[in-house]
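A short write-up of the structure that comes next.
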Amino acid sequence: MPVPRRKHSYQAADYAHHSPLRLHWLAMDGPQVLPLLQRIGLTEAEPYLRDRTTGEILDLLRQIFAWIPEEGMELQLQQALYRLFALLSLPPNAGQKKAVEWLKKCEDYIDSHYMELITVSDIAEIAGVHRSHLYMEFNRNYGMSPKTYLIRKRMEKAAELLRHPALTVTEIALSLGYADVYAFSRAFYNFNGISPTAYRLGRQASK
């Protein structure tokens, strides 16, 4: 929280090229600003907060910056600012706990619908977050992108179904939400390094 007419300087305590220092400047004025700043713990003596930045806050800041140049967005900006203060007033790590909740919701949705023609956009809509935020948090918590998680679920099920000789490869492809057998075969090969037919023959030969 820079104080007006006072010089400030910033630097990263442990600079890393892959994670550079980033600053988001948002100037505001009005009779409610000081009480709101004090409510979230910002004072002249301690003009910063620790461990409060979340993906939701960054998404909200981007939205605020996008609205500022536009005319007629005053009410939306006021609502967004109150939302920003509400998020900053949460205890440290509260945002992370909330992220875990919607990530579990995404996981459950994928596990229940991976055999349908769902997309990453569908998953982001279920979570109520931007695709980029979904991608970042999914990678952080699962070690892979939501698309990779979705493909892995489909491929695990595909391998299971290929062990049943009564089902044709085309039937398996359509049951997993692929438009045709060619799209399925390409996805299976890219994931497993072997075609569905070769995988099935290899399983039969090993019996």
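The values are calculated or read from the model by the stated rules, or taken from the named source; none is laboratory data. Quick caveat, the model's predicted, so the values are computed rather than measured. Note: ideal-geometry Cβ built from the backbone for every residue, glycine included; neighbour counts use all protein chains shown. Protein only, heavy atoms only, side chains kept; ligands, DNA and RNA dropped before computing areas. Shrake-Rupley method; radii C 1.70, N 1.55, O 1.52, S 1.80 Å.
Structure summary
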| quantity | calculated |
| --- | --- |
| Close pairs (6 angstrom Cβ cut-off, 6 or more residues apart or separate chains): polar (S, T, N, Q) in segment 84-103, open to solvent by less than 70 Å² (accessible area, probe 1.4 Å) and at pLDDT below 80 anywhere | Ser89/Ile40 |
| Test: residue in segment 152-165 that is open to solvent by 70 Å² or more (accessible area, probe 1.4 Å), under 20 Å from Ser112 (Cα atoms) and of a type in the set (Lys, Arg) | yes |
| Top-ranked residue of segment 129-151 - restricted to ones that are open to solvent by less than 70 Å² (accessible area, probe 1.4 Å) and among the hydrophobic types (A, V, I, L, M, F, W, C), ranked as nearest to Gly202 (Cα to Cα) | Ile151 |
| Number of positions in segment 1-35 that are at pLDDT 70 or above and either acidic (Asp, Glu) or surrounded by 10 or more Cβ atoms within 10 Å (Cβ to Cβ) (or both) | 7 |
| Residues within segment 166-178 that are in contact (Cβ under 8 Å) with a residue 12 or more places away in the chain and open to solvent by 40 Å² or more (accessible area, probe 1.4 Å), tallied | 1 |
| Any hit, segment 180-193, residues being open to solvent by 30 Å² or more (accessible area, probe 1.4 Å), among the aliphatic types (A, V, I, L, M) and not in a helix (DSSP H, G or I) | no |
| Odd one out for Gln204 among (1) in a helix (DSSP H, G or I); (2) at pLDDT below 90; (3) within 14 Å of Glu116 (Cα to Cα) | (3) |
